[in-house]
There are 2 protein chains.
Amino acid sequence: MSDRPYHHGDLRDALLTAAAAVIEESGPAAVTLRDLARRVGVSHAAPAHHFGDRAGLMTALATDGYSRLADAVERLGPVTDLRAAGVAYVSFAVGDRGRFEVMFRPELVHQDDPALRAAQARAMGALQAAVAGWSADRAEDPETVAVAAWSLVHGFATLWLQGVLPPDLGADAATAASAVAGVLTGTD
Amino acid sequence: MSDRPYHHGDLRDALLTAAAAVIEESGPAAVTLRDLARRVGVSHAAPAHHFGDRAGLMTALATDGYSRLADAVERLGPVTDLRAAGVAYVSFAVGDRGRFEVMFRPELVHQDDPALRAAQARAMGALQAAVAGWSADRAEDPETVAVAAWSLVHGFATLWLQGVLPPDLGADAATAASAVAGVLTGTD
DNA sequence: CAACCAATCTTGTCATTGACAAGTTCACCT
DNA sequence: AGGTGAACTTGTCAATGACAAGATTGGTTG
């Protein structure tokens, strides 16, 4: 019918990239299998072959996101200042917003997917390892401290992405995140 | 056709309550105007009369949520310990999960809705007033401190709701929130 | 008290979507 | 050369959101 080749060649990645782009523009609710297919130039049922269903596509995107987050944190190495880890976390969320927004929406993905769980575990392990050195210096229970640190950076990232934070913080998320994380560390 | 009265009498509130219940069970993506209509016992187009469209219903639900949050925080009065405000915030999120989940999803609501913005402003004002006394004692810029506090409790609430936090924190969100907030205040 | 009126709710319809089924094309391997 | 399975297609169905037009009702006014 059309002159495009029957085999796309890289359809899976193309769909994931397109999905991330749609989410960055309009949020996860705007992601439609048929729209992605149109954007990439394939038939409306092609995505189902690679991902099964819509949740399958979201699962693949979230898995990809956890892997990238783990990469970013592992590149960091062990940190003694929470701010470095916080900046990495927030930078990932802002820079890879399309994936980050799906990672913490359990209702959109197949939570029991093995690949997802593995990538999730790797990212969490990397985060914990990165913060371990810092939290050891604190008086409180290390786990409570880790949860506080995670809550702080995660909350900041989501609030920043939603644009509800006061504009006085500036336009650079990393700089603002560092300042906010400094409140927890007590450094200035 | 059926024997139910033509006028429901309290359809608007009934739909909002049903929507909150659906979200608590299955998340915002599971909310369907037609399903809500069925649950409440009206025709499939009845919801549109009260809310216009799906986003209109979500907007009303979010507005309701901001009002309830503002009520909860104002009941608190001025606080000198962040933990009290944090517990109130998290308790609202966990207790009114169906509304909380919609309040921070800009893509689901009509963000420019006047009633929404008013309720939002009231809630944010109440939070800021509650924390003002506490943040004044800190060395850092008060606004940065306020953002840090908000980020911490908001992040904790969302992570808690998603069930990704370690189970060692216990089953009571308020207790865990108090402990985690204590890391920021430095009190133990 | 009757007639109206605006709000409330209904039925009917349409384009879009996700999911599924069955067929077609193609790359690769033997 | 031939087959074999993965990649992709067309076709279809029920469900949904949105819209249009009509039916019902409580209140309100003349």
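Structure notes:
- Rg over Rh for the protein assembly as shown works out to 0.99, both radii taken from alpha-carbon positions and Rh defined as the Kirkwood radius.
- The range B:54-185: translational diffusion in µm²/s, Stokes-Einstein, Kirkwood Rh over Cα pairs, 20 °C, 1.002 mPa s: 141 µm²/s
- Placing a label point 7 Å from Cα along the Cα-to-Cβ direction at A:Ala115 gives distances to the equivalent points in the other copies of 4.5 nm, listed shortest first.
- With the simple spin-label model, which puts each label point 7 Å out from Cα in the Cβ direction, the B:Thr187 to A:Ala30 separation comes to 4.4 nm.
- Solvent-accessible ranking of B:Asp81, B:Asp13, largest area first, probe 1.4 Å: B:Asp13, B:Asp81
- Most mobile of B:Val73, B:Val87, B:Val164 in a GNM of chain B (Cα contacts under 10 Å): B:Val164
- Cβ-vector label at 7 Å, A:Asp137, separations to other copies in nm: 2.4
- Here B:His44 yields copy-to-copy label distances, from shortest upward, of 1.8 nm, the label point defined as 7 Å from Cα along Cα to C-beta.
- Chain A, rotation onto B, residue closest to that axis via Cβ, with its distance in Å: A:Gly155, 1
- FRET efficiency, 1/(1 + (r/R0)^6) with R0 56 Å, evaluated for B:Ser43 and B:Asp168 via beta carbons: 0.70
- The residues neighbouring A:Ala20, those whose beta-carbon lies less than 11 Å from its own, together hold a net charge of -3 under the Lys/Arg +1, Asp/Glu -1 convention.
- Label-to-label distance, A:Glu107 versus B:Gln111, with points set 7 angstrom from Cα along the beta-carbon direction: 2.1 nm.
- Pairing chain B with chain A buries about 3000 Å² of accessible area. This figure sums both sides and uses a 1.4 Å probe.
- Summary of the geometry: the range A:1-80 and the range B:118-138, compared by the centres of their Cα atoms, lie 40 Å apart.
- Heavy-atom surface of chain A, accessible at 1.4 Å and reported per residue (Å²): 46 Å²
- Accessible carbon and sulfur surface of chain A relative to its total accessible area, %, 1.4 Å: 53 percent
The values are calculated or read from the model by the stated rules, or taken from the named source; none is laboratory data. Note that the coordinates shown come from a computational prediction; the quantities given were computed from them, not determined experimentally. Here Cβ is always computed from backbone atoms with ideal geometry, including for glycine, and neighbour counts include all displayed protein chains. Keep in mind that these areas ignore ligands, DNA and RNA; they rest on the heavy atoms of the full protein, side chains included. Shrake-Rupley method; radii C 1.70, N 1.55, O 1.52, S 1.80 Å.
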